[in-house]
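**Student:** Sharing a structure below in C-alpha cells format, with a few things to ask.
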Amino acid sequence: MLRCVDSFVRWVEPYSILAAVLGLFVSFLAFRSDLEDRMEERSVEAWQLLTTKASGNSGKREALEYLNKTRTPLVGIDLSAPEKKQFGFTVLAAGAYLVNVQLPFADLSLADLTGPI
C-alpha cells in the first residue's frame, strides 16, 4: 500500500507544481488589475477635489502632488477661491495655500500664480 501511495505522489507532484505556478500567475494578474483600478480611482478623486471650489487648501496640495507624480497633465485646474455673496457684496475667500508643494514634472508656463500671499 505504501508503494501505491508513493507512486501516486510521484505522478501528482509535477502537476501540483504546475498548479502552484499557475495560481501564482493568476494571483499576480488579479493584483495588477486591482492596483490599476485603485490608481485610476485615486486619480479621479484627486481631480474631483481639485475641480471643486473651496477656500483654503482642503487637500488640494496632496492631490496636485499625486497627479504630478503620476505625470498627469494638470491643464485647466483653477485653484482660485470661490466667490461668496455677503450683504450684496462679492467677497473672495482664500485660495489654495500651496507653500512647499512639490511639482517636479509640472509645466507652469501658462499658470497664473497671482493672488494674495
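**Student:** So how many residues does the range 47-77 have that are loosely packed, with under 11 Cβ neighbours inside 10 Å and either modelled with pLDDT under 80 or in contact with a Lys or Arg (Cβ under 6 Å, 6 or more places away or on another chain) (or both)?
**Tutor:** 2
**Student:** Any residue that is surrounded by 10 or more Cβ atoms within 10 Å (Cβ to Cβ), in a helix (DSSP H, G or I) and touching a helix residue (DSSP H, G or I) at 6+ places or on another chain (Cβ under 8 Å) - is there at least one of those in the range 17-30?
**Tutor:** No: the range 17-30 contains no residue that is surrounded by 10 or more Cβ atoms within 10 Å (Cβ to Cβ), in a helix (DSSP H, G or I) and touching a helix residue (DSSP H, G or I) at 6+ places or on another chain (Cβ under 8 Å).
The values are calculated or read from the model by the stated rules, or taken from the named source; none is laboratory data. Only a predicted model underlies this, so the values are computations on that prediction, with no experimental measurement involved. Neighbour counts run over all protein chains shown; Cβ positions are idealised from the backbone, glycine included.
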